[in-house]
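The values are calculated or read from the model by the stated rules, or taken from the named source; none is laboratory data. Here the structure is a predicted model, which means the values were calculated and not measured. In this analysis, Cβ positions are derived from the backbone assuming ideal geometry, glycine residues included, and neighbour counts consider all displayed protein chains. Accessible surface is based on the protein model in full, side chains and every heavy atom, while ligands, DNA and RNA are left aside. Shrake-Rupley method; radii C 1.70, N 1.55, O 1.52, S 1.80 Å.
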Amino acid sequence: MSRLIVRRLLVSLAVLWLVTLLVFVATLLLPGDPARAILGQQATPERIAALRAQLDLDAPVWERYLNWLGGVVTGDLGTSTATQGPVNDLLGDRIGASLVLLVAAAVLSTLVGLALGTWSALRRGRAADHTVSGISLVIAALPEFVIGVALIVLLSTTVFPLLPSVTLAPPGEPVWSQPSQLVLPVLTLALVVTPYITRMMRATMSEVLDSGYVEMARLKGIPEKTVLLRHALPHAIGPVAQVIALQLAWLAGGVVVVEFLFRYPGVGQALIDAVNNRDVEVVQAITLLIAAVYIVVNLLADIVGILTNPKLRTEVTR
């Protein structure tokens, strides 16, 4: 098992290194000149040349990449070209705000998805099962910004004006100081990923409930609750963990749209501002951060899936 975990970890590190290459090349292809974007269209060629030299934009591409990669490894994400301050300071509070949003959405969607999927599997073929499957299919077909706008119309502006449609926390104040402003963003993200978890949990649980060991447990007279919790759920969680990981990893990227929609002061809003300002260092840092979260979550899902699925663990270790 230790050998397997080390192997997966090395593969993840290799993928992360490839991501650094892609991120660096992609930011080089952004249109416009960072120096001109900072100084404005009226800047003289001399001032632009001086700023380019200050920002090391005239250095060879390979040298700039190695300098940036070395800073990433040591925890130094560079200096923002727009604010001339450290990127670490710029993103510190925003990362915390986004983590609050992501953790709340992840916990809510996972618990609701597993519960609904299990409940639907226990009522296969009934009206409740068809209702859950139909609703989850409709919601899964909607993009996150459509769900967000629908929630704003329903709960903030027209039908039931109960919640703020945008973030109201003043600069410097934590977003969780006003919990009401977190409801719509969290609910939007949770509604986007819950249908996939529900449908996968329903399919996996249905297969497990028809298995021989579950049937044998029932024939022995074991209470249905014990059969469900000790025999069915542990075998169903393994395959579902992969889907949960993919959906939770999606949250790291989907949060960009949701934060922009609700004017939420997180890394998603910071990424949009950085692209508009041609702030390459911030774009690189946020993109790499999102990719790292995606890779780490999938790595943890692989490990959880192996540990909770005896068949998969045996097959992989062979």
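Does segment 229-244 contain any residue that is at pLDDT 85 or above, within 19 Å of Ala105 (Cβ to Cβ) and not hydroxyl-bearing (Ser, Thr, Tyr)?
Taking every residue of segment 229-244 in turn, none turns out to be at pLDDT 85 or above, within 19 Å of Ala105 (Cβ to Cβ) and not hydroxyl-bearing (Ser, Thr, Tyr).
Any chance you could count how many residues in segment 195-210 are open to solvent by 20 Å² or more (accessible area, probe 1.4 Å) and either farther than 22 Å from Trp250 by Cβ or in contact with a Leu (Cβ under 6 Å, 6 or more places away or on another chain) (or both)?
2
What are the residues in segment 245-280 that are closer than 21 Å to Leu28 by Cα and open to solvent by 50 Å² or more (accessible area, probe 1.4 Å), if any?
Asp273, Val275, Asn276, Asn277 - these are the residues of segment 245-280 that are closer than 21 Å to Leu28 by Cα and open to solvent by 50 Å² or more (accessible area, probe 1.4 Å).
Find all pairs meeting these conditions: Cβ atoms under 8 angstrom apart; at least six residues apart or on different chains; first residue within segment 124-144 and on the phi > 0 side of the Ramachandran plot and surrounded by 15 or more Cβ atoms within 10 Å (Cβ to Cβ); second residue assigned to a helix (DSSP H, G or I) and among the aromatic types (Phe, Trp, Tyr).
Taking only residues 6 or more apart or on different chains, not a single pair turns up.
Pick from Val112, Val103, Val107: which is more than 16 Å from Ile290 (Cβ to Cβ), assigned to a helix (DSSP H, G or I) and free of Cβ contacts under 8 Å to residues at least 12 places away in the same chain?
Val107
Please name all residue pairs, on different chains or six or more residues apart, with Cβ atoms under 7 Å, provided the first residue is in segment 272-284 and is of a type outside the set (Gly, Ala, Ser) and the second residue is assigned to a helix (DSSP H, G or I) and open to solvent by 40 Å² or more (accessible area, probe 1.4 Å).
Ile272/Phe260; Asn277/Ala37; Arg278/Ala37; Val282/Leu90; Val283/Val275
Go through segment 51-66 and give me each residue that's surrounded by 14 or more Cβ atoms within 10 Å (Cβ to Cβ) and at pLDDT 75 or above.
Within segment 51-66, Arg64, Tyr65 meet the criteria.
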